[in-house]
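Quick notes on the structure that follows.
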Amino acid sequence: MPAQARRAAIRKILLSTTIRSQSELAALLEAQGIVTTQPMLSRDLRQLQVAKREGCYHLLTEERVTPLEALPTLLRSARYAGSNLIVVHCEPGAASAVARALEAEEIEGLIGTVAGDDSIFVAVDSKTSGGRVLDRVATTLEGYE
């Protein structure tokens, strides 16, 4: 089956059914006569911009999920480290991806980020801007719990 037709079937399933695992999705596809492998399914989900949120797969383009909301499992905490500096803690190896997502949020007053392995320094132009960054991270974490 062509990738485009398979992806259309996946999209239709995700819009109509709550899917909690790739094996569940593969079974529903197989019931429609569409046989797929796990690596192929992973590529299809990536191509369709699907992310797992709150234990279920969601089409990011349909839900208007922001870049940061797509990565809640990578976030751990955020706190002030000074009046114009926030430190965001992440899972090991995730800081770069989270920093890019945080910058893509276009939070007013966020000047820039510096990412290490599991920590990000976020420069802000004021304490008010820092509050916006902290609120955004907290909201993302709350949505995941």
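The values are calculated or read from the model by the stated rules, or taken from the named source; none is laboratory data. Keep in mind it's a predicted model, so treat the numbers as computed, not measured. Don't worry about glycine lacking a Cβ; one is built from the backbone with ideal geometry, like all the others, and counts go over all protein chains shown.
Just a few scattered comments:
- Residue 19 fulfils the conditions (1) touching a strand residue (DSSP E or B) at 6+ places or on another chain (Cβ under 6 Å); (2) β-branched (Val, Ile, Thr); (3) assigned by TED's automatic domain parsing to the domain that holds residue 132; (4) in a loop (DSSP other than H, G, I, E, B) except for a single criterion, (3).
- Flag if residue 24 is in the same structural domain as residue 136 (by TED's automatic domain parsing) and charged (D, E, K, R): no
- Residues of the range 101-145 that turn out to be among the β-branched types (Val, Ile, Thr) and either in a strand (DSSP E or B) or surrounded by fewer than 17 Cβ atoms within 10 Å (Cβ to Cβ) (or both), as a count: 8
- In the condition set (1) assigned to a helix (DSSP H, G or I); (2) under 30 Å from residue 29 (Cα atoms), residue 58 is compliant with all but (1).
- Taking the range 76-100 as the range and being surrounded by fewer than 20 Cβ atoms within 10 Å (Cβ to Cβ) and closer than 21 Å to residue 142 by Cα as the test, the residues that pass are 76, 77, 79, 80, 87, 89, 91, 92, 97, 100.
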